[in-house]
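To start, the structure under review is shown below, and the notes come after it.
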Amino acid sequence: MKEKVEHIVNWIKDYADKNHKTSLVVGVSGGIDSSVVSTLCAKTGLRTIPIVMTIKNKDMLALEHAWWLEENYENVSRRIINLEKIFHEFENASRYLGADSEHAFANSRSRLRMMMLYQVATSNNGLVVGTGNKVEDFGVGFYTKYGDGGVDISPIADCMKSDVYKMANYLNILEDIQDAPPTDGLWDDGRTDEDQIGMTYDDLEKCMRQDDMGTIVTIKKDLKKLETYKKIRKQNMHKMEPIPVCNMEKFR
């Protein structure tokens, strides 16, 4: 685990140095992924700016992690901002237009956070650092397009969720964060990732490995889970593939 952590930390620092960037900006939600990524960023020695952005819900775990980072790393300067008023205006305008989908509002919260991250990053010669893991980003596409999917680099996007938990333990991330059920914090009712996806990350990871290896599943309950995984993946493939471009070659 030490070698894995050092590999990622060095990768982040090398990329920033190569592109002449001097700071790293991370949205901190209180979840395991953002806690691990923000800590990895802090370990680079580069100026690290973890930002806690509240919209209706105030996540105490996010605040606690931001404080913990600042106490343990001299290069960390946390930021806490309430975006509720801004989002409220957006919400009112959307309802006026009849665009009042709750799912769309959840995605818009994520996109508003992305805008703030880039505002801070651009103002501080920085990079927006993504927090998605491999299961989310390349398994089922469980992220918001141009929201938390809008980043400059993705340090843990080739790490399974189980790998992230192991790193969290190695990095001494707060136990309350390690024990908390994963959630994107975008819904008023506080629903978890499992509530939204309908499967645990353990099951998703197992299905992803089976799908990659072409394993024949004979246990009926596992087959059902694999079918559910493939269905979710198919619905979200548009996020994981390049933006389609109409080819005009025949007119040239």
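The values are calculated or read from the model by the stated rules, or taken from the named source; none is laboratory data. Computed from a predicted structure; not experimentally measured. When we count neighbours, we look across all protein chains shown, and the Cβ atoms used for this are built from the backbone with ideal geometry, even at glycine.
Can you go through Thr39, Thr48 and tell me which one is out of contact with any Cys (no Cβ under 9 Å at 6 or more places or on another chain) and under 22 Å from Leu127 (Cα atoms)? Selected residue: Thr39, the only one of Thr39, Thr48 that is out of contact with any Cys (no Cβ under 9 Å at 6 or more places or on another chain) and under 22 Å from Leu127 (Cα atoms). When the test is whether a residue is of a type in the set (S, T, N, Q), modelled with pLDDT under 95, within 18 Å of the chain's Cα centre (by Cα) and over 17 Å from Gly150 (Cα atoms), Thr39 does not pass it.
Just one of the listed residues (Asp33, Asp59) is under 14 Å from the mean Cα position of the chain (by Cα) and either crowded, with 19+ Cβ neighbours inside 10 Å or within 25 Å of Tyr165 (Cβ to Cβ) (or both), namely Asp33. Within the set Thr22, Thr48, the sole residue that is within 19 Å of the chain's Cα centre (by Cα) and either within 28 Å of Asn82 (Cα to Cα) or of a type in the set (Phe, Trp, Tyr) (or both) turns out to be Thr48. Here Tyr146 does not qualify as out of contact with any Pro (no Cβ under 6 Å at 6 or more places or on another chain), of a type in the set (Phe, Trp, Tyr), modelled with pLDDT of 90 or more and outside any loop (DSSP other than H, G, I, E, B). Residue-level analysis places Gly130 among those that are touching a residue at least 60 places away in the same chain (Cβ under 8 Å) and crowded, with 17+ Cβ neighbours inside 10 Å. Taken together, the criteria place Ser110 among residues that are out of contact with any helix residue (DSSP H, G or I) (no Cβ under 7 Å at 6 or more places or on another chain), of a type in the set (Gly, Ala, Ser) and surrounded by 18 or more Cβ atoms within 10 Å (Cβ to Cβ). Lys85 - would you say it is within 20 Å of Ala180 (Cβ to Cβ), surrounded by fewer than 19 Cβ atoms within 10 Å (Cβ to Cβ) and either modelled with pLDDT of 95 or more or among the basic types (Lys, Arg) (or both)? In short, no.
Being buried (at least 18 other Cβ atoms within 10 Å of the Cβ), hydrophobic (A, V, I, L, M, F, W, C), assigned to a helix (DSSP H, G or I) and at pLDDT below 95 is a property that does not hold for Ala121.
Pairs are defined by a Cβ separation below 8 Å, a sequence spacing of at least 6 or placement on different chains, a first member in the stretch 230-250 that is more than 13 Å from Glu136 (Cα to Cα), and a second member that is modelled with pLDDT of 90 or more; the pairs so defined are His238/Lys145.
Screening Asp184 against (1) crowded, with 19+ Cβ neighbours inside 10 Å; (2) touching a Leu at 6+ places or on another chain (Cβ under 6 Å); (3) among the acidic types (Asp, Glu) leaves a single unmet condition, (2).
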